[in-house]
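The next block holds one structure in the form of structure tokens; read it before the comments.
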């Protein structure tokens, strides 16, 4: 019987070759660390385009909110569908996020307000870059915070330790540790078996460094997927993911988690949040923001339901590159702003609360007279997750240059 | 022999170093080595392949020989002057049915109604069109709308944004299927193979085809989309989802032109500039105005004057809509209007992206204040009936006529439309713009990290020639850095380049490009559908990841083995000899690793799979580079 060492990535697959990986290998080897503690999983969701946090989590008890947003403000909660959903007497959820209210009530969803990146840029491109790299203001960073967050592996390293959903490998997850971009688990293979071993040989041996690296990751992941592909997937506990790319991404992640193949960090994104016009049209439940939040909320709720007990090991965090102007513009929309909102969801989250220090919306309280002022750095939220959930205490390396990282007590 | 060994060594170190530079953590040694490589000349054979790789979408069989015969210099000069090149008549024939591409936004709106448009016709605000197919589609949808309205009257209550379509409601066709088709034809429609159905449609007159498609139930019609010829597919789109016809035409044309045009550099430049001045197809009215945008605002200027290109995009309905400038008005416009609950105002989107993405670049030296001032200058640059395909017009009522200061330059009050023109003048002649554009061109055509020496030369030409793109390209294409080992095979093909170069290398015949466009999407670059104004990346690292690589390998095998709908490949053309096949497809000798990989696959074959060798070459690491 070969020793455990022999099954380290690379050598193991050479012994077994393509298409003959034993099922027990894929499951048990990566499922747990030495000592039997089940691996924790962190899922990061990026809302691309700068979501309007002030309409996602409404400070309905602030009269100024309604002064600044006479036509696109979400009405105060009164139990009817077209009003905000009361959370704590001050903040309310956008009605399209109704599926997440039970998670808040059962204390598995925490919200952080007036949070984001301190960098003043209002360029989508730059701000996304800074948030994904975890180093606001620094263009030279080439990798992402999530890749640096991965702790040193003790034991075999799963080829799908770090997964980005979609056809592109997200910036957040790129770096020294191998990360894989996956579109769909069931299609992750060479369809024509005659080509498989030929391609594998080429990419294993090519002198083209970039293609060699990615090639190797690809083939290692293919082998792992084979064991997962054998069974079709039905979401558990009656969970229903909505149609669309985001729902599908979360479903793929849930499937990977349940397959116990050593997933540790996953990333997915959802776009369309750049609501300069028609953010809110005739009613709160119409308009671009409501449509997007519907998909967003339903997908997250389905994910939570689907995972069931496994949610104990999982934490999900959402973020967006910056928020939007406190004042509505002339087109039933908002322009680029500053501070925003983050959601943190999961088994060890101390939910049922809105964290952060609310800075107010009076003229003098607005950043540059136009945006919500920042009172919590996004790295405080991510840092606590990295240290306490993933278990990597080396935050100076994960968020270089950030001196005053402060935990906010999000995790219990 | 010695030279070949030396060459092989140099080549592999180039690829190693170029690729390593991406993941390198110790820049100094590699940088010095890189700089040397950008000064190191190419052999004559390498020059020929390099010219084809960079100025076209990839060599076809016979291209290497014909460029050699003409001489690289002469060939490059010709490509820089596309009007001297006679276009491929087959291409023109294939583009003919794609009529939405020739339409103005207004014509497109009239021919391909959106749900909002259908609502307008149903409510009597717009007349019913004459064209029978268009009429049938509108009537059918309207019927559903009425149907839905009946239901909604019953459940009084929540309002929705527009008519929701009940998939079960169907309008009675004028002629039933068994009145249009013969019994034999009916049998094929009911149970024939996709190929049989395709042949059936290919032999029908346009009128019969229309009647057949109208008579089919919607789901059956939809199933025919991947099977039928282009003309039939367009009719199905018209009946099922009119507003998608334009998307199909755009994709078909873009693929066909890239594959078959003789004016290859012009097509590459079209792709480059469209991406630079990106528009997202799925933003409402943009879907009607993109054909007009590409035809009028981009293509005429691809090798022309930058200032002309800039102005054409600034005044284009597509851009005015995409970046919201048509709605940007002077901030005080509604100050005294008490009846307006929602005050209109300035929209900074275009002002910002004009500087950040179109001209100066994010580090080009503008401030937030400049963004606001530029936005003020462009107030009044708007559209007639934006959601119904209206054109550009300048409305002085909406314009902020105060004084502005843009990048330190005073634009006096009362300038009217001239304010915007002045901004375009300032930006088009700014040194940051010269640098930004030159660098972008160098990243696309030379290498991800082009040498500063080259970018500076190009920027200098830009400024001296008043933004003449052809001259800037000439500077690049006569530079040592372009024809160097540092540039050779330094770029990884993006998905579009990968798909097109594969089809060209295989000498494939494309009857329609629908399936190919889907592949480009699958590889990670949905055409015309980049949401952000930044457009798609020009850099290698953004395209190389596992999902993409896997998709490329699968695509290569599917294409070469002749399983791609709408594309005919002769799989036996390249034979079973790995070395020879690879040389033909790559235009150069394949790496030993690729040759070994192919041998391995052949040795494991139980029976011959035609096209396997070609597929393995197309999916190889070698073929991913250009």
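The values are calculated or read from the model by the stated rules, or taken from the named source; none is laboratory data. Everything quoted here is computed from the prediction, not taken from an experiment. Counting neighbours? That spans all protein chains shown, and the Cβs are built from the backbone with ideal geometry, glycine included.
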TODO: Tell me which residues, restricted to the range A:63-72, are under 16 Å from residue A:370 (Cα atoms) and either away from chain B (no Cβ under 14 Å) or free of Cβ contacts under 8 Å to residues at least 12 places away in the same chain (or both).
DONE: A:64, A:65, A:66, A:67
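Table: residues versus (1) under 12 Å from residue B:320 (Cβ atoms); (2) modelled with pLDDT of 95 or more; (3) within 34 Å of the chain's Cα centre (by Cα).
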position	(1), (2), (3)
B:375	no, yes, yes
B:380	yes, yes, yes
B:386	yes, no, yes
B:390	yes, no, yes
B:393	yes, no, yes
B:403	no, yes, no
B:406	no, yes, yes
B:410	no, yes, no
B:413	no, yes, no
TODO: Hand me the list of strands (runs of 3 or more DSSP E) wholly inside the range B:376-449 holding 3 or more residues that are touching a helix residue (DSSP H, G or I) at 6+ places or on another chain (Cβ under 7 Å) and touching a residue at least 40 places away in the same chain (Cβ under 8 Å).
DONE: B:381-383
TODO: Filter the range B:78-93 down to the residues that are assigned to a helix (DSSP H, G or I) and loosely packed, with under 15 Cβ neighbours inside 10 Å, then identify the one that is farthest from the chain's Cα centre (by Cα).
DONE: B:84
Open item on the list: Please pick out the residue among B:171, B:186, B:200 that is modelled with pLDDT under 80, in contact with a helix residue (DSSP H, G or I) (Cβ under 7 Å, 6 or more places away or on another chain) and either more than 28 Å from residue B:318 (Cβ to Cβ) or not in a helix (DSSP H, G or I) (or both).
Closed with: B:171
Task: residue A:199 in a helix (DSSP H, G or I), under 19 Å from residue B:596 (Cα atoms) and touching a residue at least 40 places away in the same chain (Cβ under 8 Å) - done: no
- [ ] State whether one or more residues within the range B:346-354 are over 30 Å from the mean Cα position of the chain (by Cα), under 24 Å from residue B:317 (Cα atoms) and away from every other protein chain (no Cβ under 14 Å).
- [x] no
Open item on the list: Regarding the range A:395-407, can at least one residue be identified that is over 20 Å from residue A:138 (Cα atoms) and in contact (Cβ under 8 Å) with a residue 60 or more places away in the chain?
Closed with: no
Task: Which numbered condition residue B:330 fails, given (1) closer than 30 Å to residue A:281 by Cα; (2) in contact with a helix residue (DSSP H, G or I) (Cβ under 7 Å, 6 or more places away or on another chain); (3) in a helix (DSSP H, G or I) - done: (3)
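Return the only residue of B:207, B:211 being over 30 Å from the mean Cα position of the chain (by Cα), assigned to a helix (DSSP H, G or I) and surrounded by 14 or more Cβ atoms within 10 Å (Cβ to Cβ). If you could, list the steps in order and put the result at the bottom.
Working: B:207 fails: surrounded by 14 or more Cβ atoms within 10 Å (Cβ to Cβ).
Result of the check over B:207, B:211: B:211.
Rundown of residues vs (1) modelled with pLDDT of 95 or more; (2) buried (at least 24 other Cβ atoms within 10 Å of the Cβ); (3) facing another protein chain (nearest Cβ under 9 Å); (4) not in a loop (DSSP other than H, G, I, E, B), yes/no style:
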site: A:131; (1), (2), (3), (4): yes, yes, no, yes
site: A:137; (1), (2), (3), (4): no, no, no, no
site: A:153; (1), (2), (3), (4): no, no, no, no
site: A:158; (1), (2), (3), (4): no, yes, no, no
site: A:169; (1), (2), (3), (4): no, yes, yes, no
- [ ] Could you run through the range B:488-508 and say how many residues are away from chain A (no Cβ under 11 Å) and either without any contact (Cβ under 8 Å) to a residue 60 or more places away in the chain or part of a helix (DSSP H, G or I) (or both)?
- [x] 11
Open item on the list: Against the condition at pLDDT 90 or above, in contact with a strand residue (DSSP E or B) (Cβ under 7 Å, 6 or more places away or on another chain), surrounded by fewer than 19 Cβ atoms within 10 Å (Cβ to Cβ) and more than 10 Å from chain A (Cβ to nearest Cβ), how does residue B:568 come out, does it pass?
Closed with: yes
- [ ] Answer with yes or no whether residue B:3 is more than 14 Å from chain A (Cβ to nearest Cβ), more than 32 Å from the chain's Cα centre (by Cα) and at pLDDT below 90.
- [x] yes
- [ ] Determine if the range A:179-195 includes at least one residue that is part of a loop (DSSP other than H, G, I, E, B), over 25 Å from residue B:615 (Cβ atoms) and more than 7 Å from chain B (Cβ to nearest Cβ).
- [x] yes
Open item on the list: On the basis of being without any contact (Cβ under 8 Å) to a residue 24 or more places away in the chain, over 17 Å from residue B:540 (Cβ atoms) and more than 20 Å from the chain's Cα centre (by Cα), does residue B:479 make the cut?
Closed with: no
- [ ] For residue B:335, state whether it is in a helix (DSSP H, G or I) and either surrounded by fewer than 18 Cβ atoms within 10 Å (Cβ to Cβ) or free of Cβ contacts under 8 Å to residues at least 60 places away in the same chain (or both).
- [x] no
TODO: Filter the range B:370-392 down to residues that are away from chain A (no Cβ under 11 Å) and more than 22 Å from residue B:283 (Cβ to Cβ), then give me how many there are.
DONE: 4
Open item on the list: Can you find a residue that is more than 12 Å from chain B (Cβ to nearest Cβ), modelled with pLDDT of 90 or more and more than 19 Å from residue B:352 (Cα to Cα) anywhere in the range A:119-126?
Closed with: no
- [ ] Could you check how many residues of the range A:367-412 are buried (at least 16 other Cβ atoms within 10 Å of the Cβ), part of a loop (DSSP other than H, G, I, E, B) and touching a helix residue (DSSP H, G or I) at 6+ places or on another chain (Cβ under 9 Å)?
- [x] 8
TODO: Being within 8 Å of another protein chain (Cβ to nearest Cβ) and either under 22 Å from residue A:50 (Cα atoms) or without any contact (Cβ under 8 Å) to a residue 60 or more places away in the chain (or both) is the filter here, so list the residues in the range B:526-542 that pass it.
DONE: B:531, B:532, B:534, B:542
- [ ] Determine whether residue B:559 is at the interface with chain A (Cβ under 7 Å from one of its Cβ atoms) and buried (at least 17 other Cβ atoms within 10 Å of the Cβ).
- [x] no
Task: Within the range A:205-319, helices (runs of 4 or more DSSP H) holding 2 or more residues that are at pLDDT 90 or above, within 13 Å of chain B (Cβ to nearest Cβ) and over 27 Å from residue A:103 (Cβ atoms) - done: A:209-229
Task: Residues of the range B:592-626 satisfying the condition of being facing another protein chain (nearest Cβ under 7 Å), part of a helix (DSSP H, G or I), more than 16 Å from residue B:569 (Cβ to Cβ) and without any contact (Cβ under 8 Å) to a residue 60 or more places away in the chain - done: B:593, B:594, B:596, B:597, B:598, B:600, B:601, B:604
